[in-house]
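Novice: One structure, pasted below without further comment.
Please treat every number below as a calculation from the coordinates, not as lab data. Small disclaimer: the values here were computed from a predicted structure and weren't measured. Every residue, glycine among them, receives a Cβ derived from its backbone with ideal geometry; neighbour counts consider all protein chains shown.
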Amino acid sequence: MRLATLVVADPLGEQEVTISRAAGSPEANVARWWGQLEPAASPEETASRTSATLAAAERVAVGDGEALVVSLEPAADEDDAEVILGGIVPLDGPTAVFVKFKGPAAAARRVREDFVRLVSSIRRK
């Protein structure tokens, strides 16, 4: 269930931050995000990128637990290439809060620290 969508108009290009609560493993959600960035990729390519993304994930403290922050950046090393920053905050059972930034690479680099702070501010109640 999507809880919030923030759309930011910026000279670097449109950016979107969504916050959702849903079931699903980190692997399934990162694979889905790769599918949004590279829909023509083969299942094998997506699985390989997903594994590499999760292996490189940053772990951040969230209350008494831990969240993952991942960066999905296609091979093109261009400032305007679309990228995703994802935050995965586990809740009870198979549910998690997913925070996703989608926008140009230059904007993602600029907001990464703020994104990590946003993810680390999420608390279970």
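Novice: Quick one, could you list the DSSP H helices from the chain stretching 15 Å or more along their long axis (Cα atoms) with average Kyte-Doolittle hydropathy of 0.0 or above?
Specialist: Span-like helices here: 105-120.
Novice: Scan (1) 68, 30, 25; (2) 39, 35, 24; (3) 40, 31, 25 for the value of Cα extents along the principal axes in Å calculated from this model and give just the label.
Specialist: Evaluating Cα extents along the principal axes in Å on these atoms matches (2).
Novice: Dipole magnitude of the chain about its Cα centre, charges +1 at Lys/Arg Cβ and -1 at Asp/Glu Cβ only, in debye to the nearest 20?
Specialist: The dipole magnitude comes to about 720 debye.
Novice: Tell me, what is the percent relative contact order of the chain, built from C-alpha pairs under 8 Å that lie six or more residues apart?
Specialist: Relative contact order comes out at 27 percent.
Novice: On to the next question. Cβ neighbours within 10 Å, averaged per peptide: list 94-103, 28-37, 81-90 in order, most packed at the top.
Specialist: 81-90, 94-103, 28-37
Novice: Here is a follow-up. If each residue of separation counts as 0.36 nm, what is the full-extension length gain between Ala47 and Arg2 once their alpha-carbon separation is subtracted?
Specialist: Stretched fully, the Ala47-Arg2 segment lengthens by 13.7 nm.
Novice: Add -39500 (n - 2.57) for each DSSP H run of 4 or more in the chain, then divide by its residues: what number comes out at 222 nm, to the nearest 500 deg cm²/dmol?
Specialist: Here the helix-only value at 222 nm equals -10500 deg cm²/dmol.
Novice: On full extension of the chain, what length is gained from Leu54 through Asp80, given 0.36 nm per residue of separation minus the C-alpha to C-alpha distance?
Specialist: 7.0 nm is the gain from fully extending Leu54 to Asp80.
Novice: With labels modelled as points extended 7 Å from the Cα through the Cβ direction, what inter-label distance (nm, one decimal) is found for Asp64 paired with Asp114?
Specialist: 3.3
Novice: Please check which bits of segment 81-104 a label hung off Gln36 would reach, taking the label as a point 7 Å along Cα-to-C-beta and the cut-off as backbone N under 15 Å.
Specialist: What the label zone holds, given the 15 Å backbone N cut-off, is 82-89, 97-104.
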